[in-house]
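Below: the structure, in structure tokens.
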Amino acid sequence: MEKKNINWSELGFGYTPTDYRFMAEWKDGSWDEGALISDSNVTISECAGVLQYAQTCFEGLKAYTQKDGSIVTFRPDLNAERLQRSARRLLIPEISTEMFLRALDETVKANAAWVPPYGTGATLYVRPFLFGSGPILGVAPAPYFQFRLFCSPVGPYFKGGIKPIRICISDYDRAAPHGTGDIKAGLNYAMSLYAGDLAHKNGFSENMFLDAATRTYVEETGGANFLFVTKDGKIVTPKSSTILPSITRRSLVYVAEKYLGIEVIERPVPFEEVSEFSEVGVCGTAAVISPVGEIDDHGRKIMVPSGMDQFGPVLGKLRETLTGIQNGDIEAPEGWIRKIC
Ligand code: PLP
Ligand code: COI
């Protein structure tokens, strides 16, 4: 199979439509079988639940080319599970794990020419999503729904690749107590746009959101969880019921403990403690692990000791080990890698 003519190592994190995507419809109480289609456009009612009341949730995962040329995905069963949780909270009919994995396998396989080659640093980002496609005027769930899954070849999420980023404390909240912060609802991201735009205008790559109730604990960024390293080399990661349970973070906790012998502590992290850490990073599917070099608290600058030039040693090693597992250079724990073709 001949790969597309793309300068893979120059890719940023953007949308490039590929040849195929998967689409299924829910009507009269059940999902149809679904199928691959080539049209990248969606035609729905002007009064669709997704357009009027944001009834939509999504997932994000990646396909990788390993050294031997095989194409794999990383723990997609956990994305299926999380999409089911998000759907339940938004009164969207769930997709079974079996159907999710079938859509994933078929779409990635059909787009194999778009999966970046091994060693380019690029990957195929996969975006499954569910939305209310039927019309609804009173506030209620839509009468019918679509499940879609498309993909796009991508490079690093943050401009400048994996150089340390500067972030700032947001004056806006991302998620309310007992709200939707722990699911991947489109509305959470719409809510974060204004704060994200402000951060960018002020020269920061991302916001650090604090807990909405007390504004004293670290939550997460708009699209990634936090990892901190203590001066004595332990990893601390925020525990909160209003952040997204990142699959990357959960995997890194295991990799740190089992592969690298690093102690990991999951607990609430007061913002006041942040200046005491020796390394700070954000983690997620899109971000992988990106180092944070500076945190701005309304003009008070916290300079992370690992600096603005490079990864600190602990998070650097963690990133190397995780990407090694995803690329097939390091043996993965049982069940983490799903071979597609
Ligand atoms: N937090 C938020 C708000 C996100 O959007 C994401 C991205 O999916 C993450 C964390 C990281 O989650 P994961 O590692 O499962 O991609
Ligand atoms: C991801 O990491 O998959 C995300 O969804 C984060 C962002 C692109 C929304």
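The values are calculated or read from the model by the stated rules, or taken from the named source; none is laboratory data. Since this is a predicted model, take the numbers as computed values, not measurements. Cβ coordinates were reconstructed from backbone atoms using ideal geometry, including for glycine residues, and neighbour counts include every protein chain displayed. All accessible areas refer to the heavy atoms of the entire protein, side chains included, with ligands and DNA or RNA removed. Shrake-Rupley method; radii C 1.70, N 1.55, O 1.52, S 1.80 Å.
Using +1 at the C-beta of Lys and Arg and -1 at the C-beta of Asp and Glu, which of Asn327, Phe204, Ala287 has the Cα lying farthest in the positive direction of the dipole of the chain?
With unit charges placed on the Cβ atoms, the residue in question is Asn327.
Taking all protein chains as present, what is the carbon and sulfur share of the accessible area of the chain, in % to the nearest whole number, probe 1.4 Å?
Its accessible area is 52 percent carbon and sulfur atoms.
What is the sum of charges, Lys and Arg at +1 and Asp and Glu at -1, for the other residues whose Cβ falls under 14 Å from the Cβ of Lys109?
So the surrounding residues net to +1.
In percent, what relative contact order does the chain have, based on Cα pairs under 8 Å that are 6 or more apart in sequence?
Answer for the chain is 20 percent.
Under 15 Å from the Cβ of Lys201, count the other residues' Cβ atoms, weight Lys and Arg +1, Asp and Glu -1, and hand me the total.
-2
Bin width 5 Å, alpha-carbon pairs only: give the P(r) of segment 1-69 as whole percents, running from 0 to the bin holding the largest distance.
3, 9, 13, 22, 21, 12, 9, 8, 3, 1
What is the local net charge at Leu322, summed over the other residues whose Cβ is closer than 14 Å to its Cβ (Lys, Arg +1; Asp, Glu -1)?
+3
Filter the trypsin sites (Lys or Arg not before Pro) in segment 91-192 to those in DSSP coil with at most 15 other Cβ atoms within 10 Å of their Cβ, and list the result.
Lys159
Semi-axes, largest first, in whole Å: what does sqrt of 5 times each Cα gyration tensor eigenvalue give for segment 165-327?
For segment 165-327, the ellipsoid semi-axes come out as 23, 18, 15 Å.
Past 19 Å, Cα to Cα: identify those pairs from Lys62/Lys234; Lys62/Lys184; Lys62/Lys109; Lys184/Lys317, in the order given.
Lys62/Lys234; Lys184/Lys317
Just flag the chymotrypsin sites (Phe, Trp or Tyr not before Pro) in segment 178-235 sitting in loop per DSSP whose Cβ has no more than 11 other Cβ atoms within 10 Å.
none
Please identify every one of the chymotrypsin sites (Phe, Trp or Tyr not before Pro) in segment 89-154 that sits in a loop by DSSP and has no more than 13 other beta carbons within 10 Å of its own beta carbon.
none
Quick check for me: using +1 on Lys/Arg Cβ and -1 on Asp/Glu Cβ, what's the dipole size of the chain about its Cα centre, in debye to the nearest 20?
Rounded to the nearest 20 debye, it is 220 debye.
Taking 7 Å along the Cα-to-C-beta vector as the label spot, tell me the Glu320-Glu10 distance in nanometres, rounded to one decimal.
3.0 nm
What is the ratio of the Cα radius of gyration of segment 164-230 to 2.2 N^0.38 Å, where N is its residue count, to two decimals?
After normalising by residue count via 2.2 N^0.38 Å, the value is 1.07.
I need the Debye-formula profile for the chain: one equal scatterer per C-alpha, no solvent, reported as log10 I(q)/I(0) at q = 0.06, 0.09 1/Å, two decimals.
-0.21, -0.49
What is the mean projected area of the alpha carbon convex hull for segment 1-158, to one decimal in square nanometres?
Mean projected area for segment 1-158: 9.8 nm², to one decimal.
Given DSSP loops and a limit of at most 14 other Cβ atoms within 10 Å, what is the longest stretch of the chain that contains no such GluC sites (Glu not before Pro)?
Longest run free of exposed loop sites: 47-262.
What FRET efficiency, computed as 1/(1 + (r/R0)^6) with R0 = 35 Å and r the Cβ-Cβ distance, is obtained for Glu46 and Arg85, rounded to the nearest 0.05?
0.75
If you put +1 on each Lys and Arg Cβ and -1 on each Asp and Glu Cβ, how big is the dipole of segment 1-75 around its Cα centre, in Debye rounded to 20?
Its charge dipole is roughly 400 debye.
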